[in-house]
Amino acid sequence: MKAFVTGTDTGVGKTFVTALLARALRASGHDTIALKPLSSGDRSDAEALRSACDNELSLDEVNPFWFRAPLAPLAAARMEDRRISLESLCSWFQTISAERKSVLVEGAGGWLAPVADRATVADLCAAFRLPVIVVAANRLGCVNHILLTLESIRARDLDCLGIILNAATGPDDSSGTNRALLEEFTDVPVLLEVASGQAELRLPLF
């Protein structure tokens, strides 16, 4: 399986969910690697993905572009007078994934976060030609954010494999109703509701 894991926002648990998926797929016999093309701030997200795949790749293979400022990748790159291009990212992705049947790619921030000149996470996903998994924090407002993200995914003629609701910030009054509302308003399946501290998944989800 190959997929691009995006979020409705930053801090919704993309890394936690991507690592959870990677461990489950590898435990089921897949040659899964989990990648983080762009990171800003520290590299803890990339380190978590590397660990989830048994440190099979180096940190720089998992995460080729790292910027120190905790900003959108484009803003962080400009602070360091560096340039990100979709071409260089595509070249890295083709090289690192060429021999793999199972690859997960985690985006940076939300679906439309700027990553290069006039390019967003959505453009990066389209360039990689990957179907999308949408991760959202299971809290008030997430239905709106998810539906807007799905509209943008469809507008780019990309496939969405499903939605994962993550208990990133703990439950609120909406947490028990969000899945039912999503099932009413979209035909994209809710694949999973991840509980706080969940350590493993049961496959298949798809």
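The values are calculated or read from the model by the stated rules, or taken from the named source; none is laboratory data. This structure is a prediction, so every number in the text was calculated from the model and none was measured. A quick note on method: Cβ atoms are made from the backbone with ideal geometry, for glycine too, and the neighbour counts reach across all protein chains shown.
Okay, here's what the table says:
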{"item": "Filter result for the condition that a residue is in contact (Cβ under 8 Å) with a residue 60 or more places away in the chain, surrounded by 13 or more Cβ atoms within 10 Å (Cβ to Cβ) and basic (Lys, Arg), over 43, 23", "result": "23"}
{"item": "All positions within region 62-108 that are under 20 Å from residue 42 (Cα atoms), of a type outside the set (D, E, K, R) and either in a strand (DSSP E or B) or at pLDDT below 95 (or both)", "result": "65, 66, 67, 84, 105"}
{"item": "Of residues in region 156-194 being part of a loop (DSSP other than H, G, I, E, B), of a type in the set (Gly, Ala, Ser) and surrounded by fewer than 12 Cβ atoms within 10 Å (Cβ to Cβ), the one farthest from the chain's Cα centre (by Cα)", "result": "176"}
{"item": "Residues located in region 90-109, provided they are of a type outside the set (Val, Ile, Thr) and surrounded by fewer than 22 Cβ atoms within 10 Å (Cβ to Cβ)", "result": "90, 91, 92, 93, 94, 97, 98, 99, 100, 101, 102"}
{"item": "Residue 67 being more than 16 Å from the chain's Cα centre (by Cα) and aromatic (Phe, Trp, Tyr)", "result": "yes"}
{"item": "Cross-chain or 6+ apart pairs with Cβ under 6 Å, region 118-134 first and under 11 Å from residue 4 (Cα atoms) and at pLDDT 95 or above, then polar (S, T, N, Q) and assigned to a helix (DSSP H, G or I)", "result": "134/149"}
{"item": "Among (1) in contact (Cβ under 8 Å) with a residue 24 or more places away in the chain; (2) more than 23 Å from residue 102 (Cβ to Cβ) - the single one residue 177 does not satisfy", "result": "(1)"}
{"item": "Residue under evaluation residue 25, criteria (1) in contact with a Gly (Cβ under 9 Å, 6 or more places away or on another chain); (2) closer than 23 Å to residue 196 by Cβ, criterion not met", "result": "(1)"}
